[in-house]
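Trainee: Here's a structure for you.
The values are calculated or read from the model by the stated rules, or taken from the named source; none is laboratory data. Everything numeric here is computed off the predicted structure, so don't read it as measured data. As a convention, Cβ positions derive from the backbone with ideal geometry for all residues, glycine included, and neighbour counts pool all protein chains shown. We work out accessible area using only protein heavy atoms, side chains counted, and drop any ligands, DNA or RNA first. Shrake-Rupley method; radii C 1.70, N 1.55, O 1.52, S 1.80 Å.
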Amino acid sequence: MKSYVSAVPLFVLLVFGMACPVGADVGAGSNVVYEIDSRLVLRGGAAEGNAAEFMDSDGLVGDNGKKKTITWCRKAARNGNAQAQYDLGSMYYIGWGVEKDKSEAIIWFRKAAELGHIPAQNALGLIYSSGEGGRQDNVEAAKWFRMAAEQGDVDAQYNLGCMYYNGWGVEQDKHEAAKWCHKAAAQGDAQAQCILGAMYAKNDGVNQDLAEAIKWFRRGAEQGNPIAQHNLAVLYEDGKGVKQDKQEAIKWYRLAARQGVTQSQEALALLGEH
């Protein structure tokens, strides 16, 4: 079974404003900026996503099946099986067949994480960043995110990038943030692609490069990320980093507008489109 922890209310999110950020003229003719603030959520991790798998199995396994699963899992976990340790931690985290106990969950997540189990490492990062289990510790969170990120985990790469961007548990370093965000974006993560596009657009952690901004916004937009779609539309409308193309702008505005991006809806109205 695969496990995930609940999202933590931290992180970076592309947002929109009515003027361009200091030091950038991108979007100067539009009602949009490529801003970044700290309202996103840390992703991936420990138990609640896995809860869906455990809970989905409730009607199939019944109480006896639960007992057998827990018994096997506990035995394997005590024998050093990292996946079993992770699953046992998830059981304690969500209270599946056992009394919910996040402190006990952390013990088993840590055992799995120390054996190199990537989801357990990301889970610990999320737990420490949120303070679940009794102690918030962003230094500890960053440590576990790094371990998973260095093994190529896209969620951990994204999370570590946001830790660096905001200076949580590490010295703030937007260049380092861009590095980890780039790794996640290169693996096809649409949210990371959108953020990386914004960093290139506004000279934030990387040298301003509108061609790169276009590239990453396009990748995120093609995967359906509404903010990437909107930002790409703005660049086409303004002719920044790409040849000005009103129809291409309208196409991307429409896609973002359908997903509820108010700024795209307003932009379409200003362009006489409905």
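Trainee: Work out how far the C-alpha atoms of the range 154-211 reach from end to end along every principal axis, then list the three figures in whole Å, largest first.
Mentor: Here the spans come out as 32, 22, 12 Å, largest first.
Trainee: Another question, then. Count the net charge of all other residues whose Cβ sits under 9 Å from the Cβ of ALA249, scoring Lys and Arg as +1 and Asp and Glu as -1.
Mentor: Numbers: positive: LYS246, LYS251; negative: GLU237, ASP238, ASP245, GLU248.
Net charge in that neighbourhood comes out at -2.
Trainee: For the pairs LYS102/LYS174; LYS66/LYS143; LYS75/LYS100; LYS68/LYS100; LYS202/LYS246; LYS215/LYS251, note any where the Cα-Cα span goes beyond 27 Å.
Mentor: Result: LYS102/LYS174; LYS66/LYS143 exceed 27 Å.
Trainee: Between ALA198, PHE217, TRP180, whose Cα lies farthest towards the positive end of the dipole of the range 154-274 when Lys and Arg beta carbons carry +1 and Asp and Glu beta carbons carry -1, centred on the Cα centre?
Mentor: PHE217
Trainee: Now a separate question. Convert each backbone phi in the range 138-148 into a coupling constant with the Karplus relation 6.51 cos²θ - 1.76 cosθ + 1.60 (shift: θ = phi - 60°), then list the ³J(HN,Hα) values in order as whole Hz, x for Gly and Pro.
Mentor: In residue order, the calculated couplings are 5, 5, 5, 4, 4, 4, 6, 4, 4, 4, 6 Hz.
Trainee: Then there is this: How would you classify the range 178-241 from its alpha-carbon gyration tensor, with a ≥ b ≥ c the square roots of the eigenvalues: rounded for a/c under 1.5, else prolate if a/b is greater than b/c, otherwise oblate? Please report the intermediate quantities before stating the final value.
Mentor: Details: a/c = 2.24, a/b = 1.14, b/c = 1.96.
Since a/c reaches 1.5 but b/c is at least a/b, the shape of the range 178-241 is classed as oblate.
Trainee: I need the per residue convex hull volume for the range 159-268, using only the alpha carbons, in cubic angstrom as a whole number. Please list the in-between numbers first.
Mentor: Numbers: hull volume 9.7 nm³, N = 110.
Expressed per residue, the convex hull around the Cα atoms of the range 159-268 is 88 Å³.
Trainee: Ignoring any ligand, DNA or RNA, what whole percent of the accessible area of the range 58-173 comes from carbon and sulfur when the probe is 1.4 angstrom?
Mentor: On the way: 2350 of 5160 Å².
The C+S portion of the solvent-accessible surface of the range 58-173 is 46 percent.
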